[in-house]
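J.: Attaching a single structure in structure tokens format; questions to follow.
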């Protein structure tokens, strides 16, 4: 089919092209038949096609359905994130430490970090109110700092404070959490069992 038929019907021809096309329609029988066939089809389609206005509350119903779906999606996403975090905690444990079961429900935990250039290192964490009761690590000749803590079983967050100024996350931790200030805290899981 001649593409000019569509252009003519859609009023896309400029006046000179339109006049030339109409002249050719008069002279060319095949072009005229194609045009008449297309016009008849469009008329037929127009007679059987009736636009029905959308219900007035249609946009409100669509938005409500989208909001319900978004809430469902957020709930599922939150559940999956929590489940994944718990799985990591259960499978991996966290932190560079050793545990030894003690009496009275307390567990001895040894933290270690290699910071050979540091002069002093403290551990700040949820177990000591983030340094309200400072826990100083002892430095060995090889630059390894260690401290032994007595903690109840539970999940704790901590960081190291180096030379009373710089905060360092434990590089040996297996699990971290965001601290809300663009840094990450190491996660320490203390179980009431014998580990090494």
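The values are calculated or read from the model by the stated rules, or taken from the named source; none is laboratory data. This one's a predicted model, so the numbers in the text were calculated from it and none came from an experiment. Here the Cβ is made from the backbone with ideal geometry for all residues, glycine too, and neighbour counts use every protein chain on show.
J.: Can you list the strands (runs of 3 or more DSSP E) found entirely within the range 35-125 that contain at least 1 residues being touching a strand residue (DSSP E or B) at 6+ places or on another chain (Cβ under 7 Å), modelled with pLDDT of 70 or more and surrounded by 10 or more Cβ atoms within 10 Å (Cβ to Cβ)? Explain how you work it out, then say what you get.
T.: Numbers: elements: 97-101, 107-114, 121-125.
Strands (runs of 3 or more DSSP E) meeting the threshold: 107-114, 121-125.
J.: Residues being surrounded by fewer than 16 Cβ atoms within 10 Å (Cβ to Cβ) and not in a loop (DSSP other than H, G, I, E, B): count how many of those fall in the range 131-145. Working first, answer last.
T.: Of the range 131-145, the ones surrounded by fewer than 16 Cβ atoms within 10 Å (Cβ to Cβ) are 131-134, 136, 138, 140-144.
Those still in the list that are not in a loop (DSSP other than H, G, I, E, B) too: 131, 136, 138, 144.
Going through the range 131-145 one residue at a time, the tally reaches 4.
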